[in-house]
1. When both residues are 6+ apart or on different chains and their Cβ atoms are under 6 Å apart, which pairs have a first residue that lies in segment 67-95 and is closer than 14 Å to Ala13 by Cα and of a type outside the set (Lys, Arg), and a second that is modelled with pLDDT of 95 or more and not in a helix (DSSP H, G or I)?
2. Can you tell me how many residues in segment 26-38 are part of a strand (DSSP E or B) and among the basic types (Lys, Arg)?
3. Being touching a residue at least 40 places away in the same chain (Cβ under 8 Å), among the small types (Gly, Ala, Ser) and exposed (fewer than 13 other Cβ atoms within 10 Å of the Cβ): is that true of Gly60 here?
4. Could you tell me how many of the residues in segment 58-89 are hydroxyl-bearing (Ser, Thr, Tyr) and over 25 Å from Ala5 (Cβ atoms)?
5. For segment 82-89, check the following and say yes or no: at least one residue is in a strand (DSSP E or B), modelled with pLDDT under 95, surrounded by fewer than 16 Cβ atoms within 10 Å (Cβ to Cβ) and of a type in the set (Gly, Ala, Ser).
Amino acid sequence: MSTDAPLAIDLFAGAGGLTEGLLEVGFDVRLSVDADKWCMETQRANHASRGVEVMRADLGDSKTKQVIADRVRAYGSPISVIAGGPPCQGFSSRFQLYHRLFACDAASAA
């Protein structure tokens with residue numbers, strides 16, 4: 001990636017949709033973090049060769065936060081974008097439908 005490209009990191013990165021979009025529009029994405037093993041394997045396959053460090057880690061862990069902070073400081077340039085796609089299963093329409101169906105089945109079984 002060009003040294004004059006704006007820097008970005010992607011937190012709660014999942015399989016890397018935001019990472020891919022940022023790369024496509026010219027950002028230098030340095031780091032992508034998520035706790036899911038399979039998502040990070042997908043990220044490695046798609047983005048590691050493009051200079052993205054892929055880290056499987058729990059973002060709720062204070063040690064992880066410190067590792068990320070240390071890496072960002074080491075870049076020597078400010079981060080322009082911190083992208084994040086935190087889990088939203090509890091708000092998704094699929095979850096809501098599942099919850100209604102499950103609640104209905106549980107009520108009829110009683």
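The values are calculated or read from the model by the stated rules, or taken from the named source; none is laboratory data. Remember, predicted model here, so these are calculated numbers, not experimental data. As a convention, Cβ positions derive from the backbone with ideal geometry for all residues, glycine included, and neighbour counts pool all protein chains shown.
1. Val81/Ala8; Ile82/Ile9; Ala83/Asp10
2. Going through segment 26-38 one residue at a time, the tally reaches 1.
3. When the stated conditions are applied, Gly60 does not pass them.
4. The total comes to 2.
5. Yes, the conditions are met somewhere in segment 82-89.
Residue-by-condition table, conditions (1) part of a loop (DSSP other than H, G, I, E, B); (2) modelled with pLDDT under 95; (3) of a type in the set (Ser, Thr, Tyr); (4) touching a Ser or Thr at 6+ places or on another chain (Cβ under 6 Å):
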site: Glu20; (1), (2), (3), (4): no, no, no, no
site: Leu23; (1), (2), (3), (4): no, no, no, no
site: Met40; (1), (2), (3), (4): no, yes, no, no
site: Ala45; (1), (2), (3), (4): no, no, no, no
site: Leu59; (1), (2), (3), (4): yes, yes, no, no
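Let's see how each residue does on (1) in contact (Cβ under 8 Å) with a residue 12 or more places away in the chain; (2) crowded, with 22+ Cβ neighbours inside 10 Å:
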| residue | (1), (2) |
| --- | --- |
| Leu7 | yes, no |
| Gly14 | yes, no |
| Gly21 | no, no |
| Gly26 | yes, no |
| Val29 | yes, yes |
| Thr42 | yes, no |
